[in-house]
1. Please turn the phi angles of segment 247-252 into ³J(HN,Hα) values with the Karplus equation 6.51 cos²θ - 1.76 cosθ + 1.60 (θ = phi - 60°), one per residue in order, whole Hz, x for glycine and proline.
2. For segment 140-154, in order, what is each residue's ³J(HN,Hα) by Karplus, 6.51 cos²θ - 1.76 cosθ + 1.60 with θ = phi - 60°, in whole Hz (x at glycine and Pro)?
3. Please label the shape of the chain as rounded, prolate or oblate, based on the square roots a ≥ b ≥ c of the eigenvalues of the alpha-carbon gyration tensor (a/c under 1.5 means rounded; beyond that, a/b larger than b/c means prolate, else oblate).
4. Note down the accessible area of Ile172, probe 1.4 Å, to the nearest 10 Å².
5. Return the whole-Å distance between the Cα centroid of segment 177-199 and the Cα centroid of segment 7-78.
6. With an 8 Å Cα cut-off and a minimum separation of 6 or more residues, compute the relative contact order for segment 118-235 in percent.
7. Per residue, how much accessible area does segment 64-201 have with a 1.4 Å probe, in Å²?
8. Helix 206-219 versus the longest principal axis of the chain: what angle, 0 to 90°, nearest 10, using Cα atoms?
Amino acid sequence: MSNPNFTAFKTIARREVARILRIWGQTLVPPAITMTLYFLIFGKLIGSRIGDMGGFDYMDFIVPGLVMMSVIQNAYGNISSSFFGAKFGRHVEELLVSPMPNHVILAGYVAGGVLRGLMVGLIVLAIGMAFTHVRVPHPLIMISTILLGAIIFSLAGFVNAVYAKKFDDIAIVPTFILTPLTYLGGVFYSVRVLPEWAQTATQANPIFYMVNAFRYGLLGENATDINIGISYAVMLFFVVALGALGLWLLKRGTGLRS
């Protein structure tokens, strides 16, 4: 006999994946086009004038940052829009009154966000490989980092969706917080080129640790600006903290029960 919790988790995750694939023209194609433009404009045109960055060809250097940026944005956007849609349609209340545990509900939605982030990340990585000569010296670090990053921002998107009262609310955080943090997280540059005060300020940005850990996995230890152990500690902290916050919000029914 199958575990009912696992069946419930599969049902939510399968519904999320079906939603992603049903509107693939909105979920998978736009990030691929956007990142191709980034590679062409920043990598080929501007990068050819910048030269090396941190001892690597500029095009090679920005590939990890662009992949991680696409994963972060899509993992966050998927769960924030999907869960808020469930709130708006009032069928999230059916989940809350069911015997399904809160951690299963949260895990199901997070799985959908992670899967979309990974799908887009693989597409962007494949595009990047067409432009560069990246050889992935540390595949386990690359895979674990991209998973942790997708989980973190899926959980963050869930928190945003819980507190959102209208559709405009789920766009505020990506526009005014997520995008600036991403661009200032070392996607397009090494923090070593910044003045000392800016390097210190960048270390308060969690995306900085994710980008550098992924860059370590894709390019090697010489490409990172921070110790890999510190990067993993920061990422695991955010997984635990945001996961606990998500479960607490579900338990209280904050913004969910009318």
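1. 5, 5, 5, 5, 5, 7
2. Once rounded to whole Hz, the list reads 5, 5, 4, 5, 5, 5, 5, 5, 5, x, 5, 5, 4, 7, 5.
3. Values: a/c = 1.99, a/b = 1.81, b/c = 1.10.
Note, shape of the chain comes out prolate.
4. About 80 Å², ignoring ligands and nucleic acids.
5. Here the answer is 18 Å between Cα centres.
6. Values: 100 pairs, mean separation 41.5, N = 118.
With pairs under 8 Å counted, the relative contact order is 35 percent.
7. Working: 5890 Å² over 138 residues.
That works out to 43 Å² per residue.
8. It works out to around 60 degrees.
The values are calculated or read from the model by the stated rules, or taken from the named source; none is laboratory data. Treat the numbers as computed from the prediction; the structure is a model and nothing was measured. Cβ sites come from the backbone with ideal geometry, for glycine too, and all protein chains shown count toward neighbours. Only protein heavy atoms, including side chains, enter the accessible area calculation; ligands, DNA and RNA are left aside. Shrake-Rupley method; radii C 1.70, N 1.55, O 1.52, S 1.80 Å.
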